[in-house]
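Some notes on the structure that comes next.
The values are calculated or read from the model by the stated rules, or taken from the named source; none is laboratory data. All values derive from a computational prediction rather than experimental measurement. Every residue, glycine as well, gets a Cβ built from its backbone with ideal geometry; the counts of neighbours run over all protein chains shown.
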């Protein structure tokens, strides 16, 4: 290992040099605020890393993440801007209704798709981050619902980055569990442990290498003994010679494993491999990067579909077989994509030829998954819904490839550098192998492909790969998509022997060396290695030339592998493609084969039959068939079927050479043999007839089954539509949960601000008083009580000018205060001199301004007193002394100015502070209003569940409940219904503040007729009579005014006398302002007067103000049910119409509501 990095030169672009530090992409959804807060609490603020946080947010909600998280960490926290330069020790947050991705050293911000189903912002971030920065990317998935982030973590891991997922501590575990189940997570930890792990990682020299731009090859060179020993261990364990792979690929994966184990020395990792055998397997799987997906690079498939494959199919006759090979197939997505594409094209072109797809890979684990053909929803995200519905069957949340597709695909573990290739191949797609091999190995593979391809065979490589080393063997068809054809007339390449020297690097049997001790490596003789190479080469040729015809089948009689030349025993007929051995084998031997396979399956023993005389292609043969079970570990029960044959003429020639007696004896036996053969033929014909009949019944059953499957697919479609709706609802729910968490934090901040404001007001030396619109005192501070020598009970709720027997009555001040609310005015430093009963004559500078409380519609006045009495006395003394001594008078004047300036400064500071607090209180009111609205919405869902489950219990379990149980459930029902009504009323009330005020001129009689239709049942049940008298037109907000009339009529119905029909009288007319003498605050010339009277129970007139307050009720809930919000809504609607409302009532004589709204509203 190299110890010094100072002399290393970095040949990298300026753009990449901008990012020499790890970038951490973090994804979360519901429950993510708590998780990210815990993460930041334990994360060092100077890790040198950059952090980008994506959380599913409501598109209409202003995010409070930035101020909330800024209080937890000293890192710079900000909402990311478009084309923002990424910097270390910064925490970037996704803006609402946006998606973000990383390009080079910048963050690109784009609008979020309108449909939440197609919005996967976490996958988008992590995928772009890993593609841009490879091993410098770190991915973290925290609490959240659904599966967003799984694909992103997979790409991060494939590119050499590190991945984390939250453990069981996640409040919503769908997102982390999806990533864990997909096998793409390196560490499963709590948010605290993830932060501590990152803190430890920054101490590792491997991370420091990233910052210094030290390449992997600079850290570990090719001649490093420890590195070569690791390659030997891999070769011994897997049989794969990784020395022909690109050095950078292997080193990057080794360094990644070292970093995950927090090791910085290669010899320590060798020791770990010796200590933990499973680590070698993990490293092997890590090197075999399974980069694949369905229809990866869609442009290539479009080209294949429109141009290449139709021509390929057209070149085949109906009797031909189209053979495709997909080396390095990973978990099968690519080979299944080809199978689906060929199936679709055959249907379009109305050509149905036999297709065989061979898929191979080094990884046994990948092949096992491919054989199963089972994928999750994340794997299918690149697929169209039409293809998913047609080619997959959904089963318990996963998707299984259809049998039609699976039957034409054969999977096998295969090393293209070592094992014999397939032959007579029409198309090879190898799009994920060459980038990992060195030049010599690439040439070797190209030679192998040339050997395997037909004369006009086609080769497809990956977009970053080429045939530069083998241009004599291939011609270019499409440069963009890297598609080549085998050159005609080129010298035929025989299959190359394995382990040839041009691509085999020497691996000495070396032990790790310790540079500090100066130990030297040692090596063994290469003789054994050469002998092994020669033996393997001879074995390969002998097996290729002398291997008997054979096939490997599974328990379903499906062919898994072909060995040797099997043309004599198998034939392909036109029609649906299949690998069923009984459909492929020649009919002359099908009967014998079926019996042998059946016996072998039952006995699990080798079964052989010899001397079977058959006639094939007008030639007579004597054949033998042997079926042998394969005793190996596999998900399927496999058997080897071995064929051998020789022509009948060979037997006759041998007979001719015998003596005459033997010939006669043989002739008799021959005659008897022919008779037996005829009998056997008849028996075979009968048996075959029965077999065909059985197959016909099976086909009929399959047809019926396909109809059932078709019906099931239709139901599946409906179910998927329901799942889509469910996903959209879940997405909205996640956003609401996230919003609610932010609102909870915001509420805490508002409480803090409120307490902070109160503390400031309480400590001010200047007296403060807050008045309502009627100039009654709502609250004061301590300085007010102290200065004026008053007590709390003497002031609150009292008219300012009636304090102390009206001794506070100051006409000029009253006039100023009365104009503040209606005219939205204020005054500053208004001088008042007045004799106060308890403190004598005082001189004040008064300041007043308007406070708006939107949450309950009140307008208040903040009034402050600045006592300048002493300053005025000083001024008077100075004037008196002026005549005595001018100089002395000048000095007094200076002192007076200083005193006045000081007091004025204090007043200005006080006024400024009050204005700031006034603004804060205004903001608090707005946010509290929003909080009440969202909280009311969040209460409805659990309440609906309570109502639903109680209804079900009362309906289905009623007979099992005791009388007390039934009463309890009725009580729950009643309480839940009351709560539902309360929430609806509360929502109606809060919505009035934010509702758009659009006035329309309407006939009030039409509105009342609409109301009567809407509450028809209530009117009929209560036998209510509504009498409409004179009615006029008015400018109203239709929806709000309709709600006003519903509430007033409902109120009259509710508070009625027993056994007395309800009678409600409604009238309206336009009147002049002068005729309204009992009410104030009227500014318009003409008003529409609406009167609503009833004959109900009435109430004491002293409660005329109280009944309009929220949650105020004059009667118990048992006597008269209700929420106490209805009349508050009525008042709010009237105020929204710039009007006023009054009420007159008398107990047991009824109630009259008088409403006055301007005849013209804007």
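A compact table of results
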read-out: Residue within segment 314-332 that is in contact with a strand residue (DSSP E or B) (Cβ under 9 Å, 6 or more places away or on another chain) and in a helix (DSSP H, G or I) present; value: no
read-out: Unique residue being farther than 30 Å from residue 286 by Cβ and in contact with a helix residue (DSSP H, G or I) (Cβ under 7 Å, 6 or more places away or on another chain) when the list is 151, 108, 162, 93; value: 93
read-out: Count of residues meeting criterion [assigned to a strand (DSSP E or B), closer than 15 Å to residue 159 by Cα and out of contact with any helix residue (DSSP H, G or I) (no Cβ under 6 Å at 6 or more places or on another chain)] in segment 111-139; value: 1
read-out: Residue list for segment 556-609, restricted to those being surrounded by 15 or more Cβ atoms within 10 Å (Cβ to Cβ) and assigned to a strand (DSSP E or B); value: 558, 559, 560, 562, 563, 570, 585, 607, 609
read-out: Some residue of segment 101-110 being assigned by the TED database to the domain that holds residue 182, in a strand (DSSP E or B), crowded, with 22+ Cβ neighbours inside 10 Å and under 16 Å from the mean Cα position of the chain (by Cα); value: no
read-out: Residue list for segment 26-39, restricted to those being in contact with a helix residue (DSSP H, G or I) (Cβ under 6 Å, 6 or more places away or on another chain) and farther than 15 Å from residue 167 by Cβ; value: 27, 29, 30, 33
read-out: Among the residues listed as 567, 545, the single one being modelled with pLDDT under 85 and within 30 Å of residue 340 (Cβ to Cβ); value: 567
read-out: Residue in segment 442-479 that is nearest to the chain's Cα centre (by Cα), counting only those that are under 19 Å from residue 296 (Cβ atoms) and touching a residue at least 60 places away in the same chain (Cβ under 8 Å); value: 463
read-out: Subset of segment 793-811 (residues that are in contact (Cβ under 8 Å) with a residue 12 or more places away in the chain and in a helix (DSSP H, G or I)); value: 795, 800, 801, 803, 804, 805
read-out: Unique residue being under 15 Å from the mean Cα position of the chain (by Cα), surrounded by 23 or more Cβ atoms within 10 Å (Cβ to Cβ) and not assigned by the TED database to the domain that holds residue 377 when the list is 180, 151; value: 151
read-out: Selection status of residue 1027, modelled with pLDDT of 85 or more, over 52 Å from the mean Cα position of the chain (by Cα) and surrounded by fewer than 16 Cβ atoms within 10 Å (Cβ to Cβ); value: yes
read-out: Condition met for residue 371 (more than 14 Å from residue 327 (Cβ to Cβ), in contact (Cβ under 8 Å) with a residue 40 or more places away in the chain and touching a strand residue (DSSP E or B) at 6+ places or on another chain (Cβ under 7 Å)); value: yes
read-out: Condition broken by residue 1058, with the remaining ones in (1) at pLDDT below 85; (2) buried (at least 17 other Cβ atoms within 10 Å of the Cβ); (3) over 24 Å from residue 1136 (Cβ atoms) satisfied; value: (2)
read-out: Residue that is part of a strand (DSSP E or B), surrounded by fewer than 13 Cβ atoms within 10 Å (Cβ to Cβ) and not assigned by the TED database to the domain that holds residue 1083, where the choices are 841, 815; value: 841
read-out: Residues that are over 15 Å from residue 1066 (Cα atoms) and assigned to a loop (DSSP other than H, G, I, E, B), drawn from segment 1015-1045; value: 1015, 1023, 1037
read-out: So residue 270, is it in contact (Cβ under 8 Å) with a residue 40 or more places away in the chain and part of a helix (DSSP H, G or I); value: yes
read-out: Options 52, 36, 26: the member that is surrounded by 23 or more Cβ atoms within 10 Å (Cβ to Cβ) and part of a helix (DSSP H, G or I); value: 36
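This table checks each residue for (1) under 18 Å from the mean Cα position of the chain (by Cα); (2) more than 19 Å from residue 197 (Cα to Cα); (3) modelled with pLDDT under 90; (4) not assigned by the TED database to the domain that holds residue 176.
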| site | (1), (2), (3), (4) |
| --- | --- |
| 18 | no, yes, yes, yes |
| 30 | yes, yes, yes, no |
| 52 | yes, no, no, no |
| 59 | yes, yes, yes, no |
| 65 | no, yes, yes, no |
| 70 | no, yes, yes, no |
| 81 | no, yes, no, no |
| 98 | yes, yes, yes, no |
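Results for (1) surrounded by fewer than 16 Cβ atoms within 10 Å (Cβ to Cβ); (2) farther than 26 Å from residue 1147 by Cα, shown as yes or no for each residue.
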| position | (1), (2) |
| --- | --- |
| 1009 | yes, yes |
| 1034 | no, yes |
| 1047 | no, no |
| 1094 | no, no |
| 1099 | no, no |
| 1106 | yes, no |
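Residues checked against (1) in the same structural domain as residue 427 (by the TED database); (2) surrounded by 22 or more Cβ atoms within 10 Å (Cβ to Cβ); (3) over 37 Å from the mean Cα position of the chain (by Cα):
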site: 274; (1), (2), (3): no, no, yes
site: 278; (1), (2), (3): no, no, no
site: 339; (1), (2), (3): yes, yes, no
site: 342; (1), (2), (3): yes, yes, no
site: 346; (1), (2), (3): yes, no, yes
